[in-house]
Amino acid sequence: MPRLLPLSPFKNFNATSLMPVGPSVMVMEEAPEVLSGKALRIYVLLVSDGRPLGVREIQRRLGLSSPSLVHYHLKKLEEAGLVARDAEGRYYARRLVKVGVLKNFLMLGSRLVPKCLFYSVFFLTLLVFCALTFWNTSEPGLLFLALASLAIAALSWALEAYRLWQSLPVGQEGA
C-alpha cells in the first residue's frame, strides 16, 4: 500500500454550508497502473486546473473523440482513488501522484508551479543584488561578466519553466 501524505489546500466544499464534502487531496509516492495514455492526460488536466471539471469540458479541452471515452478513463481513475465527483457530477483530483510531467512541478496552494521557476527567481534576485552592490566597482569588466552570467542563468531557467508549463495538457483554447 503506498504511503499517503496530506495536501491540505485542495478540499471540495459544499457552497451552502462551507463544510468539506470530500477528502483532501493526498500525495501518493507510487503511481497506480491506470496512469498512462489518455487517463494520464485527463489526470494531469484535473490536477493542473485545480477545480472540478465536467466530462464534456475535459473532452473539449483535450480534443478527445467522445465524452464516453473521457467517462471511461474517469471511471478508471475514480476506481483507483485518484479522482472523485462533486455533488454536481464534475470530477476533481483527489490524490496527487507525481508521475509524468507532474514530477517537475510543486504544489503551491492550488497551483502547480515548475521547480525551475524557483531557480530562475534565485538567479534574478542574485543579479539584482550584484548590480546594486557592485555597481561602482573598479572592475567594470568583471561586473559585466558576473551580471551577464546571472542574466543568462535566470533566463535559461525561466525558459525551462515556460517549456514545462506548456507541456501541461491545457487544451486547444489555451485556457
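A short reminder: the numbers here are calculations on the coordinates, not readings from a lab. All values derive from a computational prediction rather than experimental measurement. Please note: Cβ atoms are built from the backbone with ideal geometry, for glycine as well, and neighbour counts cover all protein chains shown.
Brief remarks follow.
- Theoretical gain in end-to-end length, Val128 to Leu159 [0.36 nm per residue, Cα-Cα removed]: 9.3 nm
- Among 35-48, 149-162, 71-84, 129-142, the order from most to least packed when residues are scored by Cβ within 10 Å on average: 35-48, 71-84, 149-162, 129-142
- Sorted by Cβ neighbour density within 10 Å, fewest at the top, the residues Tyr119, Tyr92: Tyr119, Tyr92
- Arg85-Arg56 pseudo-label distance in nm [points 7 Å out on the Cα-to-Cβ vector]: 1.7 nm
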